[in-house]
Every structure is written in structure tokens, then in C-alpha cells.
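> Mind having a look at this structure? Questions to follow.
The values are calculated or read from the model by the stated rules, or taken from the named source; none is laboratory data. This is a predicted model, so every value here is computed, not measured. Positions of Cβ are generated from backbone atoms using ideal geometry, with glycine treated the same way; all protein chains shown enter the neighbour counts.
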Amino acid sequence: MMRNPTPIPRILLNNVSCMRNAQTVLRDINVSVHDGGALVLTGANGSGKTTFLRMLAGFCAPSAGEILWDGHDITSSSGVYDQYKLLLNWLPLKDAIKEKKTVLHNVRLFEFLEGKQGRSMEAIEFMGLGRLANEEARLLSMGQRKRLQLARLLAIDRPFWLLDEPSVALDAEGVKLLEYIIDAHRKKGGIVIVATHQQIRIEDAMSLRLPERFPRRKTLVDMLR
Ligand SMILES: Nc1ncnc2c1ncn2[C@@H]1O[C@H](COP(=O)(O)OP(=O)(O)OP(=O)(O)O)[C@@H](O)[C@H]1O
């Protein structure tokens, strides 16, 4: 009997490099992620974690190599990218929160743009912001703003999450919630790629530590040792 062939990874980076400002930031990256997979990117400031996520989001193109989605190069034709980008949910450091609109509006707007409705309040409550739903977003603390961003992620519910420093400013309970939603998302077959400097518990995640890009000079921390 013929065995099932190994499934092609949902996403595959094949010898990918990326330049910014005429400098190579990422060099010869090879990584593959299957449905339900998670990849954690770590590395020093400036090592290219955000660049990696931006490249996967299609905001900057690889200077060499290819990014394959279901075996199709996302940069080869706009048709592939147009389909691929509808699966992405990008959680950036800049939160794009409308200060004078309510918390609920800030989540509903994203849901509306997605052509969905009815999940925003549940997502807000899940992220512990229920009592603030009708407050203006400008009143939120940094950690509450991060929770609002995560509520958007839940309300939209796309399969491929690109998370840039998702735990920054979250308290211990917030980090647990983040870990929980990542786990639940993966159990549904979703993919999560996280750039972080902090410990986030993600079971069986692959990890990729990006190398430092500049020769180290002595820093104040070294001198204090
Ligand atoms: N808009 C830009 N134009 C040109 N170069 C940029 C731009 N943004 C970042 N870079 C450069 O790309 C390199 C990688 O930056 P990136 O933001 O990807 O690093 P990072 O690993 O996410 O850093 P951090 O840990 O500080 O968030 C840095 O040297 C940075 O100077």
C-alpha cells in the first residue's frame, strides 16, 4: 500500500535573505511551519525579528530566496499574495488604536472590516476588558491597550498570526491569557509566529535565534561587570 506523502509545510522559507537600507538584515533563513505550528523568534535589538515578521506579512520582499505558502511563492504573483494576506493577522508594536473611540468600537471596526460581526464583545470580555468596553480607548493603560489588540485578534480569527512582542506590558495574568489563546489557536490548526524578548510558554514551539548583526563593542553593562 502507498504511504501518504509527507504534507508540504503550510509555510516554507527557503534560503531567505532580506535587506533594509542597503544592508543585509536576515541571511539564509530556512524554516518551515505546518498547521498548528509555532515559531518563536528571539535575538538582540536590531537582529531582524520585526523585519522577519514584516517580510512574512509581505510588507518587504526577500532580497534572495523564496517564501512559499502551500508551495506557492507569495512574491511571484499578486494573485497568490492576495489570497495569502487574507489569512494573516498581524499584531504590530504600533497598536493603531483610535483614542477617542470606545474600546468596543476599536475592536468592532476590525471585525466590521473583516466582514464579520458578533464576536467583539466576547473577545473584549475574554481579554478582561469587559468593564471598559464603553470607555474611550485613550483611558487605557499600556497593558490594557495590548489586551485590546489581542481582542482584535480573537474577534477576527484568521489562521496565521504574526505577533510582534505580544506580551510587552502585560501583567502575569495577561501573559497567561496570551499563552492560552495561542494554545487554543494552534489546537484549531492555526499557525503562530512570535517575536519576543520575554518568556512566553508555547508548547513544542520551534525557536529561531537571529544572530547579532554588528560586532559587539563594550556596553555600559559589560563595564559594570
Ligand atoms: N524602516 C527601516 N528602514 C531601514 N532599516 C530599518 C528600518 N526599520 C528597521 N531597520 C533596520 O533593520 C534592522 C533590524 O530591525 P528590526 O526592527 O527588524 O530588529 P528587531 O530584532 O525587531 O529589534 P528589536 O528587538 O529592537 O525590536 C535594524 O538594524 C534596523 O536599523
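> Could you please let me know if T51 is within 16 Å of the ligand (Cβ to nearest atom) and either crowded, with 20+ Cβ neighbours inside 10 Å or without any contact (Cβ under 8 Å) to a residue 60 or more places away in the chain (or both)?
So T51 passes the test.
> Shifting gears a bit: Filter segment 116-143 for residues that are part of a helix (DSSP H, G or I), under 20 Å from the mean Cα position of the chain (by Cα) and touching a residue at least 40 places away in the same chain (Cβ under 8 Å) and give the result.
So in segment 116-143, the residues part of a helix (DSSP H, G or I) come out as 120-126, 130-132, 137-139, 142-143.
Filter again for under 20 Å from the mean Cα position of the chain (by Cα), leaving 120, 123-124, 126, 142-143.
Matches in segment 116-143: F126 only.
> If you don't mind, there's one more thing I want to ask. So which residues in segment 134-144 are buried (at least 18 other Cβ atoms within 10 Å of the Cβ) and either at pLDDT below 95 or over 19 Å from Y180 (Cβ atoms) (or both), if there are any at all? Give the steps one after another, and end with the answer.
Pass one, segment 134-144, residues buried (at least 18 other Cβ atoms within 10 Å of the Cβ): 137, 140, 144.
Scanning segment 134-144 gives A137, L140.
> Out of G43, G37, which single residue is farther than 26 Å from S77 by Cβ and either surrounded by 14 or more Cβ atoms within 10 Å (Cβ to Cβ) or within 16 Å of the ligand (Cβ to nearest atom) (or both)?
Working: G37 fails: farther than 26 Å from S77 by Cβ.
Of the residues listed, the single one that is farther than 26 Å from S77 by Cβ and either surrounded by 14 or more Cβ atoms within 10 Å (Cβ to Cβ) or within 16 Å of the ligand (Cβ to nearest atom) (or both) is G43.
> Can you tell which of A61, A96 is farther than 28 Å from A184 by Cβ, away from the ligand (no atom under 13 Å from the Cβ), among the small types (G, A, S) and in a loop (DSSP other than H, G, I, E, B)?
On the way: A96 fails: farther than 28 Å from A184 by Cβ.
Unique residue meeting the criteria: A61.
> Which ones in segment 1-34 are away from the ligand (no atom under 16 Å from the Cβ) and part of a loop (DSSP other than H, G, I, E, B)?
M1, M2, R3, N4, P5, T6, P7, I8, P9, R10, H34
> So K176 clears everything in (1) in a loop (DSSP other than H, G, I, E, B); (2) out of contact with any helix residue (DSSP H, G or I) (no Cβ under 9 Å at 6 or more places or on another chain); (3) free of Cβ contacts under 8 Å to residues at least 12 places away in the same chain except one condition, right? Which one?
(1)
> If you don't mind, another one. Do you know which residues across segment 172-188 are more than 16 Å from G37 (Cα to Cα) and surrounded by fewer than 13 Cβ atoms within 10 Å (Cβ to Cβ)?
Listed by number, the residues that qualify are A172, E173, K176.
> Can you pull out every residue in segment 70-80 that is surrounded by fewer than 19 Cβ atoms within 10 Å (Cβ to Cβ) and not in a helix (DSSP H, G or I)?
D70, G71, H72, D73, T75, S76, S77
> Does N89 count as away from the ligand (no atom under 14 Å from the Cβ) and either on the phi < 0 side of the Ramachandran plot or in a loop (DSSP other than H, G, I, E, B) (or both)? Steps first, answer last, please.
Details: away from the ligand (no atom under 14 Å from the Cβ): yes; either on the phi < 0 side of the Ramachandran plot or in a loop (DSSP other than H, G, I, E, B) (or both): yes.
Taking the combined requirement at face value, the residue satisfies it.
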